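Chemist: Got a structure for you, written out below as structure tokens; questions coming shortly.
The values are calculated or read from the model by the stated rules, or taken from the named source; none is laboratory data. Model, not experiment: these values are computed from the prediction. Ideal geometry is used to build each Cβ from the backbone, glycine not excepted, and the neighbour counts take in all protein chains shown. Calculation scope for accessible area: heavy atoms of the full protein, side chains included, ligands and nucleic acids excluded. Shrake-Rupley method; radii C 1.70, N 1.55, O 1.52, S 1.80 Å.
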Amino acid sequence: ININTGVLEQLAENTNPLEPIVQWITDHEGRLRAAIRMIGGVNEQLLYRASEADDFRVIHTTNFRESLSPLFFDFEQPHLIYAASNLERDKMAIVRFDLEQAKEVGEPLFSDTEVDVTNLHYSRKRKVLTGVSYTTWKRQVHFFDEAAEKRYNRWKADLGNYEIIVVSVDKAEEKFLLRTYSDRSLGAYYIYDDTTGKLDFLREVSPWIREEDMAPMRPVAYQSRDGWTIHGYLTLPLNKAAEALPIIINPHGGPWVRDSWGYNPEVQLLASCGYGVLQINFRSSTGYGRAFWEAGFKEWGRNMQHDITDGVQWLIQEGIADPKRIAIYGGSYGGYATLAGITFTPELYACAIDYVGVSNLFTFMNTIPPYWKPYLDMLYTMVGHPEEDEEQMRAASPVFH
């Protein structure tokens, strides 16, 4: 689209609904030179062409269990891309991938032993890599570029103990729009002028929220009954001892996402009313590697639920929770986990609140919306097949109990 005239020019067409293109990728000049195509609901093909005059060809095929996720093209060598990949490894790492030879080049640029790394940052103006960001218990940043690191450290010195995100930057890379946040604040916006070193406050996001009234969100970890380390977050009410508290277990939705450190209005509301809140990244949560994700396949109501139950028992053993005053509340998959919690372990919970949760795995799988259809075979593997896994799915569906 020409943003001055509004004129549109079609570059390509998504012609096959059964094998749709799910991502288009341009190089730094805006030329459409790569794409990702979904095949059979379980495989992805990386397509590539050297120029827009060429036809796309298949470079690499991955099963949905593994990932080669293109990020952007190399600045100097047009046949190389930077990508996040877990090919032949458990954790996603940042790699260089040769599109002509269909293979990774050299060692990973960056990886972490505990979590996936998927975000790579660069300077469009200077055409250099600046760093990576990834999430352990909170956001971590590793720099490749001295100028970017120096600038970030300047911001940290001025803004204090907040997360700092670059929202936008001008083409000259002289003016930066920044956003801060923390577990107790939605933060504020700032403008930074790199030519003068001046940092100007714009406005708070939610000035009516008093940070000192909010409860800190701290990372926790415990062992599951079969030996996995389960990570999560515990928010306790202010000015109360961490013993014999009423607790709300708050499993996340998805389930193929994860809870992260930051401001959560529901958690803060509950903490302000005197409740402790435990958020759990049970198995199948993303970001902790392929093995941890796959360990939750077809484990709805089983090991995924056991991870939540083990978290409740950990709180009781630590003396933090009053075993007679534990509730469970969640939405979507978290709503399913809520229903499964009071169905399969009713003795643990005093009450439960289910928000748009799945109660019947058969109706869930049989009413998949049209835009999910390309992923249906993948969902059969991850959740269950209504015919092949009928007994297991019935056992895991709270509605039948």
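Chemist: Would you pick out the residues in region 251-275 that are out of contact with any helix residue (DSSP H, G or I) (no Cβ under 8 Å at 6 or more places or on another chain), open to solvent by less than 50 Å² (accessible area, probe 1.4 Å) and over 20 Å from ASP112 (Cα atoms)?
Modeler: Within region 251-275, the first condition is being out of contact with any helix residue (DSSP H, G or I) (no Cβ under 8 Å at 6 or more places or on another chain), and the residues that meet it are 257-271, 273-275.
Pick out the ones that are also open to solvent by less than 50 Å² (accessible area, probe 1.4 Å) and you get 258-259, 261-264, 267-268, 270-271, 274.
Residues satisfying the conditions are GLY262, TYR263, ASN264, VAL267, GLN268, LEU270, ALA271, GLY274.
Chemist: If I filter region 73-88 down to residues being free of Cβ contacts under 8 Å to residues at least 24 places away in the same chain and surrounded by 17 or more Cβ atoms within 10 Å (Cβ to Cβ), which single residue comes out as farthest from LYS127 (Cα to Cα)?
Modeler: This residue is SER85.
Chemist: Which condition number in (1) buried (at least 19 other Cβ atoms within 10 Å of the Cβ); (2) within 30 Å of MET365 (Cα to Cα); (3) aliphatic (A, V, I, L, M) is the one that ALA291 fails?
Modeler: (1)
Chemist: I need every pair where a residue in region 144-155 that is farther than 12 Å from TYR122 by Cα and assigned to a helix (DSSP H, G or I) has its Cβ under 6 Å from the Cβ of a residue that is of a type outside the set (Asp, Glu) and open to solvent by less than 40 Å² (accessible area, probe 1.4 Å), sequence separation at least 6 or different chains.
Modeler: Sorted first by the residue in region 144-155, then by its partner, the pairs are TRP155/ILE164.
Chemist: Which ones in region 34-72 are open to solvent by 50 Å² or more (accessible area, probe 1.4 Å) and more than 23 Å from GLY106 (Cβ to Cβ)?
Modeler: Residues satisfying the conditions are ARG37, GLU44, GLU52, ALA53, ASP54, ASP55, PHE56, ARG57, VAL58, ASN63, ARG65.
Chemist: Are any residues in region 307-347 among the β-branched types (Val, Ile, Thr), out of contact with any His (no Cβ under 8 Å at 6 or more places or on another chain) and either open to solvent by 20 Å² or more (accessible area, probe 1.4 Å) or not in a helix (DSSP H, G or I) (or both), and if so, which ones? Break it down into steps so the answer makes sense when it comes.
Modeler: To start, the set of residues in region 307-347 that are among the β-branched types (Val, Ile, Thr) comprises 308-309, 312, 316, 320, 326, 328, 338, 342-343, 345.
Narrowing the set further to residues that are out of contact with any His (no Cβ under 8 Å at 6 or more places or on another chain) leaves 308-309, 312, 316, 320, 326, 328, 338, 342, 345.
Answer for region 307-347, where residues must be among the β-branched types (Val, Ile, Thr), out of contact with any His (no Cβ under 8 Å at 6 or more places or on another chain) and either open to solvent by 20 Å² or more (accessible area, probe 1.4 Å) or not in a helix (DSSP H, G or I) (or both): ILE316, ILE320, ILE326, ILE328, ILE342, THR345.
Chemist: Related question: Residues in region 17-59 that are among the basic types (Lys, Arg) and over 27 Å from LYS125 (Cα atoms): how many? Talk me through it step by step, then tell me what you get.
Modeler: First pass over region 17-59, keeping only residues among the basic types (Lys, Arg): 31, 33, 37, 49, 57.
Now narrow it down to the ones that are over 27 Å from LYS125 (Cα atoms): 37, 57.
Adding up the residues that qualify gives 2.
Chemist: Sticking with this one: With respect to LEU18, determine if the residue is open to solvent by 60 Å² or more (accessible area, probe 1.4 Å), assigned to a loop (DSSP other than H, G, I, E, B) and within 30 Å of LEU129 (Cα to Cα).
Modeler: Considered against the rule, which asks whether it is open to solvent by 60 Å² or more (accessible area, probe 1.4 Å), assigned to a loop (DSSP other than H, G, I, E, B) and within 30 Å of LEU129 (Cα to Cα), LEU18 comes out as no.
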